[in-house]
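To keep things clear, I will list the structure first and then write my remarks on it.
The values are calculated or read from the model by the stated rules, or taken from the named source; none is laboratory data. Owing to the predicted nature of the structure, the values given are computational and were not obtained by experimental measurement. Backbone-built Cβ (ideal geometry, glycine too); neighbour counts: all protein chains shown. Calculation scope for accessible area: heavy atoms of the full protein, side chains included, ligands and nucleic acids excluded. Shrake-Rupley method; radii C 1.70, N 1.55, O 1.52, S 1.80 Å.
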Amino acid sequence: MSREALLVIDVQYDFCPGGALAVADGDAVVPVINGLIGRFDHVILTQDWHPAGHSSFASSHPGRQPFDTVAMAYGEQTLWPDHCVQGTRGAAFHDGLEWTKAELVIRKGFRPEVDSYSAFFENDHETPTGLAGYLRERGIGRLTLAGLATDFCVAYSALDAVRAGFAATVVMEGCRAIDLGGSLAAMTARMEEAGVTLA
Ligand code: VGL
Ligand code: ZN
């Protein structure tokens, strides 16, 4: 029987109320995820981790506003307010998150020229983070996901997980969404179609 792990996505101050890219009610995921952490033998965290001036920041594109879309070499990219800049308070995990037992922290979005929503691949859908190899080598075949935001980093991570052959369950109660132009409904449908279990 393959082992299972909890994958906690981006529970960082900038995605919580008061943060630079605040997700409504984002900090409500903390107690739910703490409960999950207590029930899993293996816990992995992701941390959105951008250098200053990252290409996904609207501030790096003169004349553009946050939430505009631009064409990048690898496809369409939503522009965001500056967020989760390496080493800042906004990039830190929420203090209430009981993360100390985590065995791995995957940082993503650190390449200046490409954004990364998924815990598995950058937004070019080619550059791996190494997570799939790590899981395989450790005999982990099943993932439970929760965190921020449902319709971006959680959803893209879950979709890539099933595509890579892992079973994936998203605990919706432990997630909150950005919901940009119907993105929550669209990404929920994509997850269901792809065989992600929504719990
Ligand atoms: C995220 C937008 C930009 C997320 C990260 O964690 O869902 N969304 N960077
Ligand atoms: Zn980001």
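For Phe67, Phe57, Phe40, the ranking by accessible surface with the largest value first comes to Phe67, Phe40, Phe57, using a 1.4 Å probe. Within the shell defined by Cβ-Cβ distances under 13 Å, the residues around Glu122 carry a net charge of -3, with Lys and Arg each +1 and Asp and Glu each -1. Between Ala132, Thr46, Phe93, the Cα set farthest toward the positive side of the dipole of the chain (charges on each charged residue's Cβ, about the Cα centre) is that of Ala132. Extension gain, Gln86 to Glu4: 0.36 nm times the residue separation minus the Cα-Cα distance gives 26.6 nm. Remark: the chain carries 43 Å² of accessible area per residue (probe radius 1.4 Å; ligands, DNA and RNA excluded). Measuring nothing but protein heavy atoms, the accessible surface of the chain at 1.4 Å probe radius is 52 percent carbon and sulfur. Here the spin labels are modelled as points 7 Å beyond Cα on the Cα-Cβ line, and at Arg136 and Ala24 they lie 4.1 nm apart. Estimated at 0.36 nm per residue, the fully extended path between Arg39 and Thr197 surpasses their Cα-Cα distance by 55.0 nm. Glu173 exposes around 130 Å² of accessible area when a 1.4 Å probe is run over every protein chain in place. Extension gain, Ala185 to Arg64: 0.36 nm times the residue separation minus the Cα-Cα distance gives 41.0 nm.
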